[in-house]
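K.L.:
Sharing a structure here in structure tokens format.
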Amino acid sequence: DAGVIQSPRHEVTEMGQEVTLRCKPISGHDYLFWYRQTMMRGLELLIYFNNNVPIDDSGMPEDRFSAKMPNASFSTLKIQPSEPRDSAVYFCASSSRVVRNTGELFFGEGSRLTVL
Amino acid sequence: GQQLNQSPQSMFIQEGEDVSMNCTSSSIFNTWLWYKQDPGEGPVLLIALYKAGELTSNGRLTAQFGITRKDSFLNISASIPSDVGIYFCAGPGNTGKLIFGQGTTLQVKP
């Protein structure tokens with residue numbers, strides 16, 4: 001079975017540009033998570049969805065960040081306008097069980113974003 | 001808020017040595033998870049612990065769920081170069097969201 005698929009793997013852009021990161025979760029998984037990883041702050045949960053509905057977006061840093069999940073097999077994380085401090089690795093993860101009970105997440109390979 | 005504290009922050013060891021790292025919290029967790037992140041990849045679950053006092057092995061890896069429910073340990077025996085990476089502990093917080101420690105970076109010298 002294919003794992004979580006993210007694109008692009010690497011993105012270099014200039015400050016002010018719009019960035020869209022994409023994720024295809026594992027088929028059948030009903031939870032989807034977006035994480036950001038930096039050296040300073042480690043792994044941070046930005047937002048998660050259950051059955052395509054955003055459940056908790058309290059980790060989204062500011063209004064420049066938005067996430068959507070139009071269907072069970074696709075999600076996007078958008079940054080508009082991007083800033084240098086947004087440079088990080090963004091991970092998408094999916095799960096088929098309630099996080100509270102098991103915590104087993106399947107991560108994609110990540111999208112490394114560099115904003116110049 | 002709930003936090004998981006990992007130690008050591010980093011380790012540099014010789015191939016063949018055993019490794020021990022731990023994760024502590026001021027609050028109780030009912031599940032402890034250990035993930036490994038290879039360079040350039042996403043974290044992958046290594047071991048999951050669901051019961052206080054539980055000791056679980058996965059090959060050369062052994063993890064224990066502390067009896068107080070406030071800590072967990074991960075041991076790696078006879079380290080090899082492919083053990084290099086970042087090891088994260090994690091647990092579901094009170095809000096249901098998974099909380100990650102800051103990670104222990106392991107370097108293995110052949």
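K.L.:
Which residue, B:61, B:95, B:26, has the largest displacement toward the positive end of the dipole of chain B when charges sit on each Cβ (Lys, Arg +1; Asp, Glu -1)?
P.N.:
B:95
K.L.:
Step through the residues of the range B:91-108 one at a time and calculate ³J(HN,Hα) from phi using the Karplus curve (6.51 cos²θ - 1.76 cosθ + 1.60, θ = phi - 60°), rounding each to whole Hz and writing x for Gly and Pro.
P.N.:
Along the range B:91-108, the couplings run x, x, x, 4, 8, x, 7, 6, 9, 10, x, 7, x, 10, 8, 10, 10, 10 Hz.
K.L.:
Quick one: dipole size for the range A:1-58, taken about the Cα centre, charges +1 on Lys/Arg Cβ and -1 on Asp/Glu Cβ, in debye to the nearest 20.
P.N.:
Details: 5 positive and 8 negative charges, 33 e Å.
Around 160 debye, computed over the range A:1-58.
K.L.:
While we're looking at this one, here's another question. Quick check: the distance between the Cα centres of the range A:1-27 and the range B:50-78, to the nearest angstrom?
P.N.:
Each part reduced to its Cα centre gives a spacing of 34 Å.
K.L.:
State to the nearest 20 debye the size of the charge dipole of chain B about its Cα centre, where the only charges are +1 on K and R beta carbons and -1 on D and E beta carbons. The partial results should precede the final answer.
P.N.:
Numbers: 7 positive and 8 negative charges, 77 e Å.
That gives chain B a dipole magnitude of about 380 debye.
K.L.:
Are there GluC sites (Glu not before Pro) in the range A:29-116 that DSSP puts in a loop and that have at most 12 other Cβ atoms within 10 Å, and which ones?
P.N.:
Listed in order of number, the matching sites are A:62.
K.L.:
Which net charge results when you count Lys and Arg as +1 and Asp and Glu as -1 among the other residues whose beta-carbon is under 13 Å from that of residue B:69?
P.N.:
Here the count lands on 0.
K.L.:
For residue B:99, which sequence-distant residues (separation of 5 or more, or a different chain) have an amide H within less than 5 Å of its own amide H, given hydrogens modelled in the peptide plane?
P.N.:
Here B:91, B:93 satisfy the definition.
K.L.:
Could you pull out the pairs from A:68/B:36; A:68/B:70; B:51/B:97; A:78/B:109; A:24/B:51 whose alpha carbons sit more than 31 Å apart here?
P.N.:
A:68/B:70; A:78/B:109; A:24/B:51
K.L.:
Please give the average number of partner chain Cβ atoms lying within 10 Å of the Cβ of each residue in A:40-52, rounded to a whole number.
P.N.:
For peptide A:40-52, the averaged partner shielding equals 2.
K.L.:
Give me the dipole magnitude in Debye, nearest 20, for the protein assembly as shown about the Cα centre, with unit charges on the beta carbon: positive for Lys and Arg, negative for Asp and Glu.
P.N.:
340
K.L.:
Now, a different point. Calculate one ³J(HN,Hα) per residue across the range B:8-18 by plugging θ = phi - 60° into the Karplus curve 6.51 cos²θ - 1.76 cosθ + 1.60, and present them in order as whole Hz with x for glycine and proline.
P.N.:
Per-residue couplings from phi come out as x, 6, 8, 9, 10, 10, 8, 3, x, 6, 8 Hz.
Every read-out reported here was derived from the displayed coordinates using simple, explicitly stated rules and does not represent laboratory data. As the structure is a computational prediction, the values presented were derived from the model and not from experiment. Note: ideal-geometry Cβ built from the backbone for every residue, glycine included; neighbour counts use all protein chains shown.
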